[in-house]
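Bear in mind that the values in this text are calculations on the coordinates, not laboratory data. Please read all numbers here as calculations on a predicted model, not as lab measurements. Counting neighbours? That spans all protein chains shown, and the Cβs are built from the backbone with ideal geometry, glycine included.
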Amino acid sequence: MNIHDLARRLNISIGTVSRALNDRAGVSKETRKRVLDAAKKHGYSPDQSGRSLRRGATGMVGFMVVANTNQSIKGEPFFMTIFDGMQSALAKRSLDLVIYYCGAEQSPETYVKRIVERRLVDGLIVSQTTRRDKRIDYLIEQHVPFIAFGRSQSGGGHSWLDLDFEGVAERSVDLLVSQGHRRIAVATTAGEVNFGHVYREACRAALKRHGLRLDEELILDEQMSESGGYAAGERLLALADRPTAVMVVENSMAIGLYNKLQEAGVAPGRDIAVVGFDQSSTTGLFLRPRLTQFRLNLIELGAWLGDHMLALIDAKQSGKAPQVTRKIWPMEMVLGGSTEMRVASGDAESASDASKPNRLRRPRALRTSAGAQ
């Protein structure tokens, strides 16, 4: 059914039907109700693209995901759970969430420009922010309501939400140092994705508070994938003075790391301590020993993004200055068997044995009662 059919059924003009459906003046309360009831009964929905041109609103909020940062939404609950929380918030105002997936061969800046120039959405979430992110600068210039999911050196006067990488680094280092570890490696992401830099510097600062340093050879920058974790394991095992612990920024990397360590006869949790990151990912769920990692509520995170996006859209449509909001999302440590290993006094500075270049010497290990195995 189209608007002409609806007008014919009601025996009123197309203009009256259009004004009633778009809540315009010049239509009586009784006629408006009659039109809306008939539209609902016959399953008629106004053409959204036409309404967008007339009203300057689409009823859509976009979420941009970039493929070439080695993160994927395929089979991965991280983004999907966030989308669920966002849609719940947006649905309260009858807005819909649309996912924009920027392929590996596409320029993220060009992609976001196309979204804006075509007026496809009322607001936009940009994720996987880089250190210098041209998308942020462009969206600010265009006065588009947006939230950056991740910090960046770009922009400044915009809203963003990021995970508590500093808190994760601090609690991880505190745990490991309390168990005697002094030489601690960090496996993080290569490239310009900003959270890799944030996490690396947070680990460096956390170690410094304990009078320790993060040697350059202990920074294992690799792709965020199982193969990247495997490569990090190869580099770790090749070190003459090997670390007794490693912190991993992404759990698919932890799987690859586990595989490489176990191939070399080095048992996570017994011969080396391993700390993961996000417990919401199923990638680390079945590792044994269970990975020490961090819990966060992605449904609530998504709802926060949705609610604050609605506020930005309202401000834009009413001509008011947007309320800039910045949020560090908390994460809670969940202990697993991967950090059971303690380094006994006297072994912390000599955890590797130069006479056995292909295998970690096992320091005198003391079992903790982490509970989760």
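Scanning residues 5 or more positions from PHE294 or on other chains, those with amide H under 5 Å from its amide H are PHE277, ASP278, GLN279, VAL334, with H placed 1.01 Å from N in the peptide plane. For the cross-link pairs LYS33/LYS320; LYS113/LYS320; LYS92/LYS327; LYS33/LYS92; LYS92/LYS113, the ones whose C-alpha atoms lie over 26 Å apart are LYS33/LYS320; LYS92/LYS113.
Between SER13 and GLN317, residue separation times 0.36 nm minus the direct Cα-Cα distance comes to 106.5 nm. The DSSP beta bridges internal to the chain are antiparallel in roughly 10% of cases. In terms of the mean number of neighbouring beta-carbon atoms within 10 Å, the peptides 101-111, 122-132 order highest first as 122-132, 101-111. Each label was represented as a point 7 Å from its Cα along the Cα-to-Cβ direction; for GLU332 and SER45 these points are 3.8 nm apart. By the combined test of axial Cα extent (at least 24 Å) and Kyte-Doolittle hydropathy (mean at least 0.0), the qualifying DSSP H helices of the chain come to 298-318. Relative to one another, the C-alpha centroids of segment 108-166 and segment 210-244 are positioned 32 Å apart. Exposure proxy shown here: for HIS4, HIS158, the number of other Cβ atoms within 10 Å sets the order, fewest to most, as HIS4, HIS158. Highest-first packing order for the peptide set 22-32, 190-200 is 190-200, 22-32, based on the mean count of other beta carbon atoms within 10 Å.
In this rough spin-label picture, where each label sits 7 Å from Cα along the Cβ direction, the ASN259-GLU30 distance is 7.3 nm.
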